[in-house]
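Sending over a structure as structure tokens; questions will come in a sec.
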Amino acid sequence: MDRLDTEIAETPVSGREAPEQATSAAPSRKVFVKTYGCQMNVYDSERMSDALSRDGYTATDSPEDADLVLINTCHIREKAAEKVYSQLGRLAKLKKRRQSEGSDFMVAVAGCVAQAEGQEITRRAPVVDVVIGPQTYHRLPDALAKARTGAKVVETDFPVEDKFTALPKAPEKVIRKRGVSAFLTVQEGCDKFCTFCVVPYTRGAETSRPVDAIVAEAERLAAAGVREVTLLGQNVNAWHGEGSDGREWGLGELLRRLAEIDGLERLRYTTSHPRDMDDGLIEAHRDLPELMPYLHLPVQAGSDRILKAMNRRHTADDYIRLVERIRQANPDLALSGDFIVGFPGETDEDFEDTMRLIETVGYAQAFSFKYSPRPGTPGADLGGHVDEAVKSERLDRLQALLYRQQRDFAERCVGREIDLLLEKPGREPGQLIGRSPWLQPVIVNAKPEEIGDIVKVRITKAGTNSLFADRV
Ligand code: SAH
Ligand code: SF4
Ligand code: F3S
């Protein structure tokens, strides 16, 4: 259930493609990339890898033979940052060894901890050579070059130039290696300032990429065999970009445009804020077969008092009515959510309101967390902090309910015939794994060369975390 723990992804740099692609003077070096946090960090790691491969870096999945260890961090809760520091502590020995072997071994910290902690990182972890923020990472190759002269480089300003235009495009071969389902960041930052959340501080103000840039990137992905694109943004449904016609488009219009791209069969987007679900987007769920019937729509809590203290700017009832409207537009749509228990001042009654909201809405999937005070956020200064033991007890009850709903939803899928995009090999030979329209992993017998195909299957069984299916 814990997204940050389950979604830790290792994103090896997709190998530099043909050697002639690398700058001729660039020596060959290896980079180990470790990614924490949300999907946006996974996307950022890929883009940083693209930038590094231009400098001659190739991927390694072992830090032991790397010349650069790049840690892309998440700051959403305490444990995540502490994990980074303990990992950095362990790298000091490796750095010594690699340097004695003649490597110019370096450590770079990127992502939201880098943004929030800045120089504190090089102070607390002298092993680190470069600290680079989520809006600055296009400058990573330059920062590494500077660090090679012995300087500590901290790049955490919010630059005026657009990193997306500055970054190199991933070559086709690299995209192919990454698979048939790809992330595409369309929106960055957040202006919502929920009182518990660091994102507005680590990612900066809300910005939207223009339609043409997004379409061009999606077309490149599709041309390289990508069949499914998930549009990303901290507030993806707040996206409003300049359209090809000069007008301002909303996310619903963007999805319609992307659905026209040849080869792109499936569209998803995440994460959405309830305040930004406009009619155009809801209608896209009614009209677009390419748009998967799944929506991650975090509500965080079911008590209006707590929602107000969280600065969510909607009530529980607003949320429930919104869900009804979305389900009217597409009755097959499955919902997912995020929940926080133990926000300061949360009483037993407030918590029961959250349980009731969950019962009313019914989730196919959810992520839930104990409130973790983040320094610099208004929530951290509120009185009435909830006892850890109470938080744990509430989280257990909440997760039991959500887990039951997830199981019930999976059971209801049994017997259904679905289109399955075959994504990668399964654990057993002869099996492939894909995602159902509702994002559940589905295991089916299929040949490796069928990866990228969309096949008809019937769901036969619901396992603990995945579904099993037969070809029809
Ligand atoms: N932009 C997304 C959320 C990004 S953070 C949105 O608005 O929904 C992902 C989730 O982490 C949040 O939805 C919230 O449930 C959780 N989270 C954020 N800050 C937290 C904190 N201080 N303590 C516990 N959970 C937190
Ligand atoms: Fe954080 Fe709220 Fe912005 Fe989501 S909407 S990123 S929870 S401040
Ligand atoms: Fe974490 Fe930053 Fe994403 S704090 S959840 S990596 S936006």
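Read-outs: derived from the displayed coordinates by stated rules, not from any lab. Small disclaimer: the values here were computed from a predicted structure and weren't measured. Glycine gets a Cβ as well: all are built from the backbone with ideal geometry, and neighbour counts include every protein chain shown.
Along the positive direction of the dipole of the chain (beta-carbon charges: Lys, Arg +1; Asp, Glu -1; about the Cα centre), which of S436, T464, P298 reaches farthest?
T464
While we're looking at this one, here's another question. Gain in length, D338 to E324, computed as 0.36 nm per residue apart minus the alpha-carbon separation, to one decimal in nm? All intermediate terms of the calculation are to be shown ahead of the outcome.
Values: separation 14, 0.36 × 14 = 5.04 nm, distance 1.82 nm.
That pair, D338 and E324, stretches by 3.2 nm at full extension.
Give me the tail of P(r) for region 417-471 as a percent: Cα-Cα pairs with distance above 17 Å. Each step should come with its number before you reach the end.
Values: 313 of 1485 pairs.
Summing the P(r) of region 417-471 above 17 Å gives 21 percent of all pairs.
For region 29-158, what ratio Rg/Rh do Cα atoms give with a Kirkwood hydrodynamic radius?
Numbers: Rg = 13.1 Å, Rh = 14.3 Å.
Dividing the radius of gyration by the Kirkwood radius yields 0.92.
If one puts a single equal scatterer on every Cα of region 119-172 and applies the Debye formula without solvent, what log₁₀ I(q)/I(0) results at q = 0.26, 0.28, 0.29, 0.32 Å⁻¹?
Once normalised to I(0) and log-transformed, intensities are -1.02, -1.10, -1.14, -1.24.
Which one of L251, V31, Y201 has its Cα pushed farthest toward the positive end of the charge dipole of the chain, where Lys and Arg give +1 and Asp and Glu give -1 at the Cβ?
Working it through, the farthest residue towards the positive pole turns out to be V31.
Can you give the charge dipole size of the chain about its Cα centre, rounded to the nearest 20 debye, using +1 on the beta carbon of Lys and Arg and -1 on the beta carbon of Asp and Glu? Walk me through the intermediate numbers first.
Details: 65 positive and 75 negative charges, 273 e Å.
Approximately 1320 debye in magnitude.
If you don't mind, another one. For the chain, what is the relative contact order in percent, using Cα pairs closer than 8 Å and at least 6 residues apart in sequence? Working shown, then result.
Details: 978 pairs, mean separation 45.6, N = 472.
Computed over the chain, the figure is 10 percent.
If you don't mind, there's one more thing I want to ask. Using DSSP, restrict attention to beta bridges with both residues in region 417-471 and report what percent are antiparallel, rounded to the nearest 5.
Details: 19 of 21 bridges.
Roughly 90 percent of the DSSP beta bridges within region 417-471 come out antiparallel.
Counting only C-alpha contacts under 8 Å and six or more residues apart, can you give the relative contact order of region 417-471 as a whole percent? Don't skip to the end; give the middle numbers.
Working: 127 pairs, mean separation 19.5, N = 55.
So the answer I get is 35 percent.
Taking 2.2 N^0.38 Å as the expected size of a compact globular protein, what ratio does the Cα radius of gyration of the chain give against it, to two decimals? The partial results should precede the final answer.
Numbers: Rg = 22.5 Å, N = 472, 2.2 N^0.38 = 22.8 Å.
Against the empirical 2.2 N^0.38 Å value, I get 0.98 for the chain.
Roughly how big is region 235-319's charge dipole about its Cα centre, with Cβ charges of +1 (Lys, Arg) and -1 (Asp, Glu), in debye to the nearest 20? Present the calculation step by step, with values, prior to reporting the outcome.
On the way: 11 positive and 16 negative charges, 110 e Å.
I would put it at about 520 debye.
Mind ordering 63-70, 94-101, 107-114 by average Cβ neighbours within 10 Å, highest first? It would help to have the intermediate numbers written out before the result.
On the way: 63-70: 20.9, 94-101: 13.8, 107-114: 27.6.
Peptide ranking by packing, descending: 107-114, 63-70, 94-101.
Calculate the dipole size of region 29-158 relative to its Cα centre from +1 charges on Lys and Arg beta carbons and -1 charges on Asp and Glu beta carbons; express the result in debye to the nearest 20. It would help to have the intermediate numbers written out before the result.
Numbers: 20 positive and 18 negative charges, 87 e Å.
In debye, rounded to 20, region 29-158 gives about 420.
Be a star and scan region 417-432 for residues whose amide nitrogen sits under 12 Å from the point 7 Å along the Cα-to-Cβ vector of V472.
Zone members listed by number: 417-420.
Along the positive direction of the dipole of the chain (beta-carbon charges: Lys, Arg +1; Asp, Glu -1; about the Cα centre), which of V42, T149, P210 reaches farthest?
Value: T149.
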